[in-house]
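Peer 1: So that we are looking at the same thing, I have put the structure below in structure tokens.
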Amino acid sequence: MRLSTLAAAMAVLGSAAPLTAQSEAGLAVGVQAPIVKVNDLDGKPIDLGQWIGKKPVFIEFWATWCPNCEELLPAIKAAQAAYGDKVEFIGVNVVVNQTPERVRRYLESHDIAYRVLYDDQGTSTRAYLAPATSYVVIVDKTGKVVYTGIGAEQKFDDVLRQIVGMGE
């Protein structure tokens with residue numbers, strides 16, 4: 001009887017949502033997204049409040065040296081192409097072993113067109129409880145976190161499709 005209980009428990013655990021659906025680290029789905037100011041690559045503070053609570057926002061915490069970020073890039077580019085200006089796409093560069101010049105070179109060589117911020121003060125990294133690079137947070141137009149994930153293989157297209165259709 002104990003073996004069947006163990007098998008049932010393993011079946012339940014095996015059906016748990018993958019890490020990319022809602023990571024156990026970072027912000028919880030359902031909370032209001034923090035509105036903070038983060039510098040751009042020129043050191044100018046950018047207020048995330050100009051988008052959060054006004055339109056859907058996709059944020060990835062990334063670095064030039066992050067292999068998961070590199071693998072995730074095609075999915076982010078595809079999402080940006082699909083949802084255009086209906087979603088604000090932001091890449092927050094985690095500045096460990098980074099310089100603005102290194103980031104600019106990376107952006108040019110990888111043809112990245114979304115908004116890139118340079119978190120040299122750690123403001124957004126702390127506010128969003130970013131546990132690692134390749135950490136993605138998606139916020140709906142009301143400012144609520146609707147998705148978090150970590151890693152190279154995240155499935156966020158359904159979430160983006162759903163929030164873009166809200167109220168339209």
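Peer 1: Yes or no: region 74-81 includes at least one residue that is open to solvent by 20 Å² or more (accessible area, probe 1.4 Å), closer than 19 Å to residue 132 by Cβ, in contact with a Ser or Thr (Cβ under 6 Å, 6 or more places away or on another chain) and in contact (Cβ under 8 Å) with a residue 12 or more places away in the chain. Show your work before the answer.
Peer 2: Our first condition is that a residue be open to solvent by 20 Å² or more (accessible area, probe 1.4 Å); within region 74-81, this holds for 74-75, 77-78, 80-81.
The next check asks that each one be closer than 19 Å to residue 132 by Cβ; those that pass are 75.
If we keep only those that are in contact with a Ser or Thr (Cβ under 6 Å, 6 or more places away or on another chain) as well, we get none.
No, because not a single residue in region 74-81 is open to solvent by 20 Å² or more (accessible area, probe 1.4 Å), closer than 19 Å to residue 132 by Cβ, in contact with a Ser or Thr (Cβ under 6 Å, 6 or more places away or on another chain) and in contact (Cβ under 8 Å) with a residue 12 or more places away in the chain.
Peer 1: Moving on to the next point. Determine if region 6-28 includes at least one residue that is open to solvent by 30 Å² or more (accessible area, probe 1.4 Å), farther than 24 Å from residue 153 by Cα, at pLDDT 95 or above and more than 16 Å from the chain's Cα centre (by Cα).
Peer 2: Taking every residue of region 6-28 in turn, none turns out to be open to solvent by 30 Å² or more (accessible area, probe 1.4 Å), farther than 24 Å from residue 153 by Cα, at pLDDT 95 or above and more than 16 Å from the chain's Cα centre (by Cα).
Peer 1: Next question. Could you tell me whether region 44-60 includes any residue that is acidic (Asp, Glu), assigned to a strand (DSSP E or B) and open to solvent by less than 30 Å² (accessible area, probe 1.4 Å)?
Peer 2: Quick first cut of region 44-60, residues acidic (Asp, Glu) only: 47, 60.
Next, only the ones that are assigned to a strand (DSSP E or B) stay: 47, 60.
Pick out the ones that are also open to solvent by less than 30 Å² (accessible area, probe 1.4 Å) and you get 60.
Yes, the conditions are met somewhere in region 44-60.
Peer 1: Here is a further query. Can you list the helices (runs of 4 or more DSSP H) found entirely within region 83-168 that contain at least 2 residues being within 19 Å of residue 43 (Cα to Cα) and open to solvent by less than 60 Å² (accessible area, probe 1.4 Å)? Full working, then the answer.
Peer 2: Details: elements: 100-109, 123-127, 157-164.
Those helices (runs of 4 or more DSSP H) span 100-109, 123-127.
Peer 1: Further, regarding this structure: Could you tell me whether any residue of region 92-111 is closer than 13 Å to residue 27 by Cβ, in contact (Cβ under 8 Å) with a residue 40 or more places away in the chain and more than 11 Å from the chain's Cα centre (by Cα)?
Peer 2: No, region 92-111 contains no residue that is closer than 13 Å to residue 27 by Cβ, in contact (Cβ under 8 Å) with a residue 40 or more places away in the chain and more than 11 Å from the chain's Cα centre (by Cα).
Residue-wise test of (1) of a type in the set (A, V, I, L, M, F, W, C); (2) within 23 Å of residue 86 (Cα to Cα); (3) at pLDDT 95 or above.
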position	(1), (2), (3)
119	no, no, yes
127	yes, no, yes
135	no, yes, yes
139	yes, yes, yes
142	no, yes, yes
147	no, yes, yes
155	no, yes, no
160	yes, yes, yes
166	yes, yes, no
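The values are calculated or read from the model by the stated rules, or taken from the named source; none is laboratory data. Because the structure is a prediction, the values reported are computed rather than measured. FYI the Cβ positions are ideal-geometry reconstructions off the backbone, even for glycines, and counts take in every protein chain you see. With ligands, DNA and RNA removed, areas are computed over all heavy atoms of the protein, side chains included. Shrake-Rupley method; radii C 1.70, N 1.55, O 1.52, S 1.80 Å.
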